[in-house]
Amino acid sequence: MHAVEVAEDRRLVAVECPAPEPGSGQALVEVAYCGICGSDLHFREVPELFPAGTVPGHEFSGRIVSTGDGVVGWSPGDRVCVLPFGQCGECATCRAGNEQVCPHAVTSGVGLGTGRPGGYADLVVVDERMLFSLPESVDDRAGTLVEPLAVAIRAVDLAGGNPDDPVLVLGAGPIGLLTALVLRHRGMRRVVVCSRNPARAHRAAALGLSTISIEEVTRIEPADAPACVFECAGTPSAAQLGVQTLRPLGRLLLVGLSLTPLDLAAPPIVIKELEIRGVIAYRRAQFQAAIDMLAAGAIPVDELITEVVPLAEAEGAFQALTARGSEKVKILLAP
């Protein structure tokens, strides 16, 4: 089969490898499309996270080709998307309802670097527990947005708040835009998006979202300070801006993942009694909620998916997404 893996020099290269076979309790999925996640862009530079030979890709949709022994309720041809974290469902954390932080989720997951091969390939073996059915109203392209949308839903669920609370979203990449769209869908009336990338700020405005510049954020009056900041840029400067901007008793959600220390000043956190939460995964119910939102037409899929390229062009797609001032939002790879 065809796949794309991380080479020793960190480039993405097309390779041929034997087609995998599903084991007991597993299914073989033919990938329709796989989205490029911001974590893929960052992790490929870090050998400890994406060792040479890693096949990335955890935002994918497709069809079941075959199933292993013991798989019930799934048949060849079923359209699916895949929850990529290998949440075991058996440990104390999972049994307590907190499967989003299952200690086995990453190492048993697919396309996450230290786990199993992912969706940058024709075929992927996944556990039966990872399969979620896609309704006819969610096409294969839209199915790639289920995973990042589930992250946004988890973040908004954690934030809570009242409809009239001022809310600031820092970053207008896929996660930032999806977070703002979920907030709007939930009835939050005072959501503003801030991006240092003019093209992405323009994209947010085109989606009907209110936008604000970094300079304007620094001049927000105390009475209008946000009750919650969603840091979706994954940079120390964004997290620092969030701490600086929040009102007393505010909440900072770290939805972007910075690989460098955030270097947050303690005094404003302590004096304002700020709460800081991290978000990277989600519960199974939140993954299903993402499918339901897409099925209801609540997410403007065509405005978020800006390009589809052949799988073999993954390296060029990475370069396009990381280019300064990139206008791209979500690029899909098509095997």
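Shape class for region 186-335, computed from the alpha carbon gyration tensor (a ≥ b ≥ c): prolate, with a/c not under 1.5 and a/b above b/c. Which FRET efficiency value, to the nearest 0.05, is calculated for Lys272 and Arg186 with the Förster distance at 25 angstrom and r the Cβ-Cβ distance? So, using R0 = 25 Å, E works out to roughly 0.50. Packing, as the average of other Cβ atoms within 10 Å across residues, places the peptides 184-193, 8-17, 237-246 in the order 237-246, 184-193, 8-17, highest first. Annotation for Thr218 and Glu16: the two label points, set 7 Å from Cα along the Cα-Cβ direction, are 5.6 nm apart.
Each Lys or Arg adds one and each Asp or Glu takes one away; over the other residues whose Cβ falls under 13 Å from the Cβ of Ala150, this sums to -2.
Taking GluC sites (Glu not before Pro) across region 18-118, the ones in a DSSP loop with at most 13 further Cβ atoms lying within 10 angstrom of their Cβ are Glu45, Glu48, Glu90. Think of a 1.4 Å ball rolled over the protein heavy atoms: the chain then has 43 Å² of accessible area per residue. How would you classify region 223-288 from its alpha-carbon gyration tensor, with a ≥ b ≥ c the square roots of the eigenvalues: rounded for a/c under 1.5, else prolate if a/b is greater than b/c, otherwise oblate? It comes out oblate by the Cα gyration axes.
Per residue, the average separation of C-alpha pairs within less than 8 Å and at least 6 apart gives the chain a relative contact order of 18 percent. In percent, rounded to a whole number, the relative contact order of region 7-161 is 29, using alpha-carbon pairs under 8 Å and six or more apart. The structure-derived value of Cα Rg over 2.2 N^0.38 Å appears in the list [x] 1.22; [y] 1.11; [z] 0.98 under the label [z].
Between His202 and Ser326, the contour length at 0.36 nm per residue exceeds the Cα-Cα span by 43.5 nm. If you plug the beta carbon distance of Gln319 and Glu48 into 1/(1 + (r/R0)^6) with R0 = 30 Å, you get a FRET efficiency near 0.85.
The values are calculated or read from the model by the stated rules, or taken from the named source; none is laboratory data. This one's a predicted model, so the numbers in the text were calculated from it and none came from an experiment. Counting neighbours? That spans all protein chains shown, and the Cβs are built from the backbone with ideal geometry, glycine included. Remember, those area values only see protein heavy atoms, side chains included, never the ligands or the DNA or RNA. Shrake-Rupley method; radii C 1.70, N 1.55, O 1.52, S 1.80 Å.
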